[in-house]
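Structure first, commentary second.
The values are calculated or read from the model by the stated rules, or taken from the named source; none is laboratory data. These numbers come from a predicted model, not from an experiment. Neighbour counts are summed over all protein chains in view; Cβ atoms, including those assigned to glycine, are modelled from backbone coordinates with ideal geometry.
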Amino acid sequence: MLKEIAKFPKPVWVLIVVSFIRVVAYFTAIPYLAIILGDVFELDAAQIGLLLGGSAAFGILISLVFGNLSDQFGRRKVILLGYVLVILAMAFIGFANHVASIIIGTILLNIGTGIMNAPSQALMTDYVRDDRAQRDLTIQVKYFALNLGVVIGPLVGLQLAAGSQIGFVYLIGVYALMLGYLVSVFHNEAPNSGLLNPDNQATNLWHAFQVVKSDHIFLYFVFLLILISTAFAQLEVTLILDISATFASVDTGFDRPQQIYAYLMSLAGLTVVIAQLPLTKLVQNLSMFNRALVGAVVFTFGFGLLAFVKIMPFGYFYNLALAMVVITLGEVVLFPTLNLIQDRIAPEHLKGSYFGVGSLSEFGYAIAPIFGGYILLTFGSEILWVIMSAICGFVALNFWLLKRKSDL
């Protein structure tokens with residue numbers, strides 16, 4: 001495997017390294033934005049969810065457009081534009097003294113990341129599109145790098161005053177350096193849709209969506225991605241609000257709720273780093289949808305555990321840690337598999353559009369804070385996590401049904 005990894009083209013390594021740095025930067029500050037909105041701007045869980053969820057929706061809609069434009073005009077330009085918008089977002093959030101600036105910043109942040117995600121994924125597969133095994137391996141290696149970033153980012157964030165806006169000010173410089181690095185490295189455009197289209201036909205936005213519209217299996221697959229993302233995204237926003245609300249009433253052994261969250265995120269990332277290779281080998285002989293089924297079943301169990309962390313016998317933090325490890329084991333199997341399924345379904349000349357439409361799954365990240373914040377505020381954390389477990393169980397059942405209709 002190491003020999004195959006060493007054969008990756010240089011641009012693929014550039015994207016992997018930059019993605020790693022971007023995730024470290026993200027988890028240094030972004031997860032603590034909910035704490036800032038609560039402590040500094042005095043918003044409740046439902047208001048925080050509405051603000052973060054609404055801004056996320058903007059980024060998702062924009063990514064649909066730019067996924068197709070990158071097919072026609074080149075991934076690089078679209079990715080660089082995304083970095084510019086993220087830098088502006090960090091400035092708005094880092095120097096905000098009114099909630100309106102936070103709203104503008106979060107909208108820009110989600111538009112910027114939405115712009116980057118689909119073209120970045122499509123660009124990686126462009127460079128290795130003639131070798132399916134290597135293409136699958138690039139997705140696995142990138143996923144490993146992202147989770148290594150998750151190990152480091154939250155711990156760095158604790159040292160940079162987690163829950164404070166100063167972390168966002170630091171990120172202005174980090175993202176500016178990444179932008180400069182990409183500008184210096186990407187001398188040549190990635191293969192575009194004209195090169196990838198075997199019929200040499202123009203691929204316009206209307207045609208792309210007509211093709212995707214007729215692909216019923218892919219559209220239902222995206223619907224399931226939205227559901228599973230809604231559950232998983234609770235870990236990025238609602239979980240820290242849950243921990244903050246519970247912190248004063250339980251014995252945690254920590255000084256701040258941010259510490260608990262940071263250690264949980266780092267534990268999750270470390271679990272991926274340790275478990276990814278053996279679990280990948282364990283499930284490699286399963287079909288794609290059967291792998292996804294296994295991951296969703298483990299999710300069902302893990303989110304169910306979160307509903308009982310206050311009464312399980314190991315102590316609040318260790319109960320959370322156990323649930324997080326179980327969920328992460330499901331993540332190790334599920335998310336790389338979902339990326340592979342999407343890559344296999346997408347026609348070569350419409351990858352940007354398919355990945356763009358696949359970005360609709362990010363609506364789960366928009367729905368999650370709105371839905372999760374409301375349920376947490378109204379019914380409590382136990383009901384929230386039971387509902388998330390039920391959603392994962394429903395998705396698992398439907399992966400089994402899709403397997404019967406697909407050869408993946």
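Check A190, A262, A233, A208 and return the single one that is part of a loop (DSSP other than H, G, I, E, B), aliphatic (A, V, I, L, M) and either at pLDDT below 80 or touching a Phe, Trp or Tyr at 6+ places or on another chain (Cβ under 9 Å) (or both). Let's see the steps before the verdict.
Working: A262 fails: part of a loop (DSSP other than H, G, I, E, B); A233 fails: part of a loop (DSSP other than H, G, I, E, B); A208 fails: part of a loop (DSSP other than H, G, I, E, B).
It is A190.
Looking only at the stretch 265-302, how many residues end up being more than 25 Å from G157 (Cβ to Cβ), polar (S, T, N, Q) and within 20 Å of the chain's Cα centre (by Cα)?
Adding up the residues that qualify gives 2.
So, I60, is that one buried (at least 20 other Cβ atoms within 10 Å of the Cβ), under 21 Å from S359 (Cβ atoms) and at pLDDT below 75 or not? Before you say what the answer is, go through the steps one by one.
Working: buried (at least 20 other Cβ atoms within 10 Å of the Cβ): yes; under 21 Å from S359 (Cβ atoms): yes; at pLDDT below 75: yes.
In short, yes.
Take S249 and tell me if it is hydroxyl-bearing (S, T, Y) and under 22 Å from L155 (Cβ atoms). Can you show your working first?
Values: hydroxyl-bearing (S, T, Y): yes; under 22 Å from L155 (Cβ atoms): no.
When the stated conditions are applied, S249 does not pass them.
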Next item on the list: Hey, can you tell me all the residues within the stretch 230-258 that are in contact (Cβ under 8 Å) with a residue 24 or more places away in the chain, surrounded by fewer than 21 Cβ atoms within 10 Å (Cβ to Cβ) and not acidic (D, E)?
Entry: S244, A245, T246, V250, T252, G253, F254, R256
Next item on the list: Give the number of residues within the stretch 236-258 that are at pLDDT 85 or above and hydroxyl-bearing (S, T, Y).
Entry: 3
Note to self: Considering only residues that are surrounded by fewer than 19 Cβ atoms within 10 Å (Cβ to Cβ) and touching a residue at least 60 places away in the same chain (Cβ under 8 Å), which ones fall in the stretch 283-295?
What the structure shows: S287, N290
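Only one of these is under 24 Å from G149 (Cα atoms), hydrophobic (A, V, I, L, M, F, W, C) and in contact with a helix residue (DSSP H, G or I) (Cβ under 6 Å, 6 or more places away or on another chain): F299, F247. Name it. Working first, answer last.
Working: F247 fails: under 24 Å from G149 (Cα atoms).
Only one candidate passes the filter, namely F299.
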Next item on the list: Kindly list the number of the only condition in (1) assigned to a helix (DSSP H, G or I); (2) over 16 Å from the mean Cα position of the chain (by Cα); (3) under 25 Å from A96 (Cα atoms) that fails for W13.
Entry: (3)
Check: V14 passes all but one of (1) at pLDDT 80 or above; (2) touching a Lys or Arg at 6+ places or on another chain (Cβ under 9 Å); which number fails?
Finding: (2)
